[in-house]
Amino acid sequence: MKPVSLITLGAVTLMSACADTGAQVTPILDGPPSASYDADLAECRALARNQRQFDQETLGAAALGAGAGAVLGHWDDDGDALGGAVAGALAGGVASAVDVSERRAAIVLSCLRGRGHRVVG
C-alpha cells in the first residue's frame, strides 16, 4: 500500500474516532441534578456513541471527497490526482466528523430531556 494511502486511511480513522466526542457533551442543567442524572447521562452517552451509521457517513463523505479531489486534481495544471484525492478525503471527512459530533451531542441532550431532566444546553 502506498504511503499516501496509509496516511489517508489513518486520517479518516482518526476523524471517525473524533466524531465520538459529541457523545461526551457536558449538559447544562436548569437547577440541581436529580439522583438519577449520572446514570441517565451514562446511558444517553452510550446511546449516542452506538449510532454506528454515523461512522459510515463519515467514511462515505471522505470517499466522496477523495473522488472529487482526484478529479479536480487531475484537471489542475499540475495534474496531481493523488494529492487532490488526499485533500478531498480530508476535507470531506473533517466536515462530516464535525456534523456527526454535533448530532451525537444533540442525541445526548434530547435523551436527557426525554428522561425528565431540565437540560438547557
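The values are calculated or read from the model by the stated rules, or taken from the named source; none is laboratory data. These numbers were taken from a predicted model, which means no experiment stands behind them. Quick reminder, even Gly has a Cβ in these numbers, built from the backbone with ideal geometry, and neighbours come from all protein chains shown.
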Filter result (touching a helix residue (DSSP H, G or I) at 6+ places or on another chain (Cβ under 9 Å) and closer than 17 Å to A35 by Cα) within segment 107-117: C111, L112, G114, R115, G116, H117
C18 at pLDDT 65 or above and either surrounded by 15 or more Cβ atoms within 10 Å (Cβ to Cβ) or assigned to a helix (DSSP H, G or I) (or both): no
